[in-house]
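Colleague: Please see the structure below; I have some questions.
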Amino acid sequence: MDSELVEKVRNIVIDACRQLERLDDYNYHISVVENLAVDLGKRFGANEEILRIAALLHDIGRIKFGPERHEETGAIEAEKILKELKLEEKTIGKIVECIKEHRHEKPTIPVSLEAKILKIADAYSHFKKPLEIIYMRAKNGRKFRRKFNMDEE
Ligand SMILES: [Fe+2]
Ligand SMILES: [Fe+2]
């Protein structure tokens, strides 16, 4: 696996999230999906580089352009990013397929192992969401209280 390449993609995604003030998307969703996908991928012998890059970029369309048809906008955006990073056409194609197929609302079964795994990891991460929302509310509530000196200590 080309770790340097993966970190380049990660930085692009983090920068985009930061610019749009959506770092929580990276911290509580994208990185969660990446870890779940890689865990599953190791069990089934999937390509880790494709899986990590696809997981990092899977919601780039939603983050940049909104939720509607974000598997399509994200696929276009990811292709642009990966071409700039000079990835092989074949690898780009595999990553783009994962992004196009990632939404569980879409009633299609992805062809590649990596796309199947990403779809499952993304769906699974949404089961964890209620817990994340409670955590984020608690965290932000604490920040709010501290900002206005509402904490007792
Ligand atoms: Fe998504
Ligand atoms: Fe997602």
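The values are calculated or read from the model by the stated rules, or taken from the named source; none is laboratory data. Here the structure is a predicted model, which means the values were calculated and not measured. For neighbour counting, all protein chains shown are included, and Cβ atoms are generated from backbone atoms with ideal geometry for every residue, glycine included.
Here's the yes/no breakdown for (1) free of Cβ contacts under 8 Å to residues at least 12 places away in the same chain; (2) on the phi < 0 side of the Ramachandran plot:
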site	(1), (2)
Ser31	yes, yes
Asp39	yes, yes
Lys42	yes, yes
Ile50	no, yes
Arg62	no, yes
Gly66	yes, no
Ile76	no, yes
Leu85	no, yes
Glu89	yes, yes
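Colleague: Are any residues in the stretch 101-113 surrounded by fewer than 19 Cβ atoms within 10 Å (Cβ to Cβ) and either more than 16 Å from ligand 1 (Cβ to nearest atom) or closer than 14 Å to Ile50 by Cα (or both), and if so, which ones?
Modeller: Ile109, Val111, Ser112, Leu113
Colleague: If you scan the stretch 56-81, which residues turn out to be among the basic types (Lys, Arg), within 13 Å of the chain's Cα centre (by Cα) and farther than 17 Å from Asn11 by Cα?
Modeller: The answer is Arg62, and nothing else.
Colleague: Right, next: Among the residues in the stretch 4-18, are any in contact (Cβ under 8 Å) with a residue 60 or more places away in the chain, at negative phi, surrounded by 12 or more Cβ atoms within 10 Å (Cβ to Cβ) and over 15 Å from the mean Cα position of the chain (by Cα)?
Modeller: Yes, some residue in the stretch 4-18 is in contact (Cβ under 8 Å) with a residue 60 or more places away in the chain, at negative phi, surrounded by 12 or more Cβ atoms within 10 Å (Cβ to Cβ) and over 15 Å from the mean Cα position of the chain (by Cα).
Colleague: Mind telling me which of the residues Glu101, Glu84 ends up being away from ligand 2 (no atom under 11 Å from the Cβ), of a type outside the set (Val, Ile, Thr) and more than 15 Å from the chain's Cα centre (by Cα)?
Modeller: Glu84
Colleague: Scan (1) within 13 Å of ligand 2 (Cβ to nearest atom); (2) surrounded by fewer than 19 Cβ atoms within 10 Å (Cβ to Cβ); (3) over 18 Å from Leu5 (Cα atoms); (4) small (Gly, Ala, Ser) for the single condition Ala121 breaks and write down its number.
Modeller: (2)
Colleague: Let me ask you something else. Check off (1) within 11 Å of ligand 1 (Cβ to nearest atom); (2) among the basic types (Lys, Arg); (3) modelled with pLDDT of 95 or more for Lys94 and give me the number that stays unchecked.
Modeller: (1)
Colleague: Further question on the same structure: Let me confirm something: among Leu57, Leu51, which residue is buried (at least 19 other Cβ atoms within 10 Å of the Cβ) and either within 20 Å of Leu23 (Cα to Cα) or among the β-branched types (Val, Ile, Thr) (or both)?
Modeller: Exactly one residue qualifies, and that residue is Leu57.
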